[in-house]
Amino acid sequence: MKNFLIPTTLELDTINAVKSAINQAKNTNCEIILMMVSDTPDAFSSVQFLREMRTALTPSQEEVLETCRYIIEHTANCKLKVHNQYGISASILKGIIEAFAVKLVILTPSYKQETKKVHQYLVKLAGNQKCPILHLGTEVNKEDFNKALYIENGSANMHVKDVQQFLSANFSFEIVSQTGNFDNDYEQFAPYLSEAISKYDIDLLVETRKSEKIKFKKVKKHSINEKSGLPVLSLYEEIA
């Protein structure tokens, strides 16, 4: 059973994330958890605390949620759960992933662009978890992926065969090409990346990651996901 965690503020691309999860389930039973994270209310009394915890959805958020529910209702193998989380930490997120038996975290472009610190913190915490992360594309409106380009991290010393073995056991992606990590020279390597994407009909990038110390920088470093517009499957190196 594959379960999926989608942190969300119920923007439109949440619908695309739900569709991606359904495709990744591949007709097996699954539960899709939409997780809405908020700061813990700073209240002196329990009554005030409970009052501030009641957050109403906007009409547009209600519409997105109802659309997600409609899709799930017409998908026999999937269930939908809405989880409201107040406050987040590494141990809390780990507990949520374990409690719901999450096999894949799906991050949407809109969620990663959220300006509230609690959302930014969750994205960084997710990167330090061992669960695979699917970063949905910013330009490609596609829910199912087949052909992948593996971006090899030189310091990781991970062989492409090991990565493909993990993908074959857990997903339906096939690595059809690979390249070195070019985060620091993206503009120089962009033409070669575009050529490979066109030549091999690539619709997904695969990378590995390590745990990092969480820092909030004034100047945000753009990921390969944001630069290329393609979805990126990020695998924690210990499991790949």
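Condition test on Tyr192, is it open to solvent by 100 Å² or more (accessible area, probe 1.4 Å), within 14 Å of Leu149 (Cα to Cα) and at pLDDT below 85?
Answer is yes for this residue.
Quick check: anything in the stretch 201-212 farther than 24 Å from Lys130 by Cβ, open to solvent by less than 30 Å² (accessible area, probe 1.4 Å) and either assigned to a strand (DSSP E or B) or at pLDDT 80 or above (or both)? Before you say what the answer is, go through the steps one by one.
Our first condition is that a residue be farther than 24 Å from Lys130 by Cβ; within the stretch 201-212, this holds for 201-203.
After this cut, where a residue has to be open to solvent by less than 30 Å² (accessible area, probe 1.4 Å) as well, the list is 202-203.
Next cut, either assigned to a strand (DSSP E or B) or at pLDDT 80 or above (or both) only: 202-203.
Checked the stretch 201-212: at least one residue is farther than 24 Å from Lys130 by Cβ, open to solvent by less than 30 Å² (accessible area, probe 1.4 Å) and either assigned to a strand (DSSP E or B) or at pLDDT 80 or above (or both).
Can you tell me which residue is farthest from Tyr111 (Cα to Cα) among those in the stretch 33-69 that are among the small types (Gly, Ala, Ser) and modelled with pLDDT of 75 or more?
Ala56
Here is a check on your reading of the model: is Gly137 touching a Leu at 6+ places or on another chain (Cβ under 8 Å), among the small types (Gly, Ala, Ser) and at pLDDT below 90? Explain how you work it out, then say what you get.
Working: touching a Leu at 6+ places or on another chain (Cβ under 8 Å): yes; among the small types (Gly, Ala, Ser): yes; at pLDDT below 90: yes.
For Gly137, the condition - touching a Leu at 6+ places or on another chain (Cβ under 8 Å), among the small types (Gly, Ala, Ser) and at pLDDT below 90 - is met.
Quick grid of which residues meet (1) modelled with pLDDT under 70; (2) of a type in the set (A, V, I, L, M, F, W, C); (3) out of contact with any helix residue (DSSP H, G or I) (no Cβ under 6 Å at 6 or more places or on another chain):
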residue	(1), (2), (3)
Asp162	no, no, yes
Gly180	no, no, yes
Asp185	yes, no, yes
Ile197	no, yes, yes
Lys221	yes, no, yes
Val232	no, yes, no
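Pick from Ile88, Ile72, Ile106: which is surrounded by 11 or more Cβ atoms within 10 Å (Cβ to Cβ) and either in a loop (DSSP other than H, G, I, E, B) or modelled with pLDDT under 95 (or both)?
Testing whether each residue is surrounded by 11 or more Cβ atoms within 10 Å (Cβ to Cβ) and either in a loop (DSSP other than H, G, I, E, B) or modelled with pLDDT under 95 (or both) leaves just Ile88.
Out of the residues in the stretch 1-13 that are more than 11 Å from the chain's Cα centre (by Cα) and under 16 Å from Met35 (Cα atoms), which is most open to solvent (accessible area, probe 1.4 Å)?
Leu12
The values are calculated or read from the model by the stated rules, or taken from the named source; none is laboratory data. Not measured: the values here are computed from a predicted model. All Cβ positions, even for glycine, are placed from backbone atoms using ideal geometry, and neighbour counts span all protein chains on display. Ligands, DNA and RNA are stripped out before the accessible areas are found, and what is left, the full protein with its side chains, is counted by its heavy atoms. Shrake-Rupley method; radii C 1.70, N 1.55, O 1.52, S 1.80 Å.
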